[in-house]
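Read the structure below first, then the notes.
The values are calculated or read from the model by the stated rules, or taken from the named source; none is laboratory data. In this text, all values refer to a predicted model and were calculated from it rather than measured experimentally. Neighbour counts run over all protein chains shown; Cβ positions are idealised from the backbone, glycine included.
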Amino acid sequence: MTQKNAGAQEPDATVDDDSYYTGGVVTEFKLVRVLNLQLTGQGHRDDDIADLTGISEMFQLRYLKIASDVCIKLPNNVLQYLGTLDITDARFAPVPWDVNFPRLLHLHLSLPVQRDLLDWVDRIGSPSLMSLGTLNYLQELHLTISSLSTFKHVVKNMEALGSLLGGHDNLKSIAVAHASPVKNTAASKTNILWDCMEPPPLLQRFEFSPHISCIFSQVPSWVGKLGNLCILKIAVRELMMNSVNILRGLPALTALSLYVETAPDDNIIFDKAGFSVLKYFKFTFMRGIAWVKFEADAMPNLWKLKLVFKAIPPMDHPQWRTYGHGTALINIDYMPGLREIFTKFGGTAADLEYVTRIGIASNHPSNPIIDVQLVDSGSYVDESTETEITSTHEILEEKPDVIIKSGSGNTSLGR
């Protein structure tokens, strides 16, 4: 065990020795305020439990992070001053939600495969997680869902999460991530039924991984109430014009990642209305092609534009037959703030070659040259994955994906 002093006011400790499986040893450091536990199960049985209930005696503890490949048991007594609890990289027995976390502001939690949030709600007979553990002051919630979770468990977790979020007065950041770089293996997706939810009024960040087995049918109407929302990442089954109107009405939105499962047949047009402070826009179609147009002076402060078609249809698909040659699939008029335009097309090699021949993008000469990337995904239904986004800065500095071909300034694709 190592102990590091961050000054007299903020003692902290890191435990990385598996001999500290009992809380009694940990409590030798009762004045520690920052505790990072790293436990390994090497040499122990799979059903062993690391009993950390003794942590409840660390009355000054402000920050607790636990990484463990053995099951951990947390205390069910008051952690009066705890502000951050991070057990993203750990297996644990049911979290004692009846514990009192009166000052907890940041909660990072990895949902076990065999348990879910709704189980904890049912266990104590409460309809709302916000009555559990007095989490009323929580400002940040980050949930990680295992790639091994069944379809049923994911659906139940979304039901419980909706109960947790509804009307919470202090939540500012919500992120639901996928634990694996591979998408969830569930065969189908179900709609997230949060249409009647009253959203947290102070919400600034809402990120929902497109790779779990749940999806919004469209942009929920309550999103339009989020006047403080700066970062939005959301996947929808279809994109309606009403959804675009909801998004353009968000006055603080600076970073938007919008995933659409099936490309619409109608044109998608972005005019000068709304999106006045947007700096980053990633627009992804999981399947199919769509006609997208950005009119002159749309999104006046946009720095980075990414248009992704993950799985274009075969060249003999009806979508291509309705596409008129000489009419660009992507039209970008003059956008004064643009610094980078990026497009990516995924599909079979033959279909990608077809894309390069027909000339599908029209770009104003004063805009940056379009960077075009073609990715051989092997089949029409394949969906490659994307890096999870955590902040506006990381969004704007995001590195490009691995590619098989690229082109900048091609006359049929660039300006």
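Only one of these is among the basic types (Lys, Arg), in contact with a strand residue (DSSP E or B) (Cβ under 6 Å, 6 or more places away or on another chain) and at pLDDT 95 or above: ARG237, ARG205. Name it.
Of ARG237, ARG205, the one residue that is among the basic types (Lys, Arg), in contact with a strand residue (DSSP E or B) (Cβ under 6 Å, 6 or more places away or on another chain) and at pLDDT 95 or above is ARG205.
Failed condition for GLU28, given (1) touching a strand residue (DSSP E or B) at 6+ places or on another chain (Cβ under 9 Å); (2) at pLDDT 60 or above; (3) part of a loop (DSSP other than H, G, I, E, B), with all others met?
GLU28 satisfies every listed condition except (1).
Only one of these is assigned by TED's automatic domain parsing to the domain that holds PHE151, touching a Pro at 6+ places or on another chain (Cβ under 7 Å) and of a type in the set (Lys, Arg): LYS225, LYS233. Name it.
LYS225
Across the stretch 252-307, what is the total count of residues that are among the small types (Gly, Ala, Ser), under 18 Å from MET240 (Cα atoms) and in contact with a Ser or Thr (Cβ under 7 Å, 6 or more places away or on another chain)?
1
Does GLY324 satisfy the condition of being at pLDDT below 95 and surrounded by 17 or more Cβ atoms within 10 Å (Cβ to Cβ)?
No; evaluated as a whole, the condition is false for this residue.
Mind checking which residues of the stretch 71-111 are at pLDDT 80 or above, part of a loop (DSSP other than H, G, I, E, B) and not assigned by TED's automatic domain parsing to the domain that holds ALA50?
ARG103, LEU104, LEU105, listed by residue number.
Criterion first (aliphatic (A, V, I, L, M), at pLDDT below 75 and not assigned by TED's automatic domain parsing to the domain that holds LEU143) does VAL34 satisfy it?
No.
Just one of the numbered conditions (1) surrounded by fewer than 20 Cβ atoms within 10 Å (Cβ to Cβ); (2) under 21 Å from the mean Cα position of the chain (by Cα) is not true of ILE268; which one?
Every listed condition holds for ILE268 apart from (2).
On the given criteria, is PHE309 under 25 Å from the mean Cα position of the chain (by Cα), buried (at least 20 other Cβ atoms within 10 Å of the Cβ), under 16 Å from ALA361 (Cβ atoms) and at pLDDT below 90?
It is true that PHE309 is under 25 Å from the mean Cα position of the chain (by Cα), buried (at least 20 other Cβ atoms within 10 Å of the Cβ), under 16 Å from ALA361 (Cβ atoms) and at pLDDT below 90.
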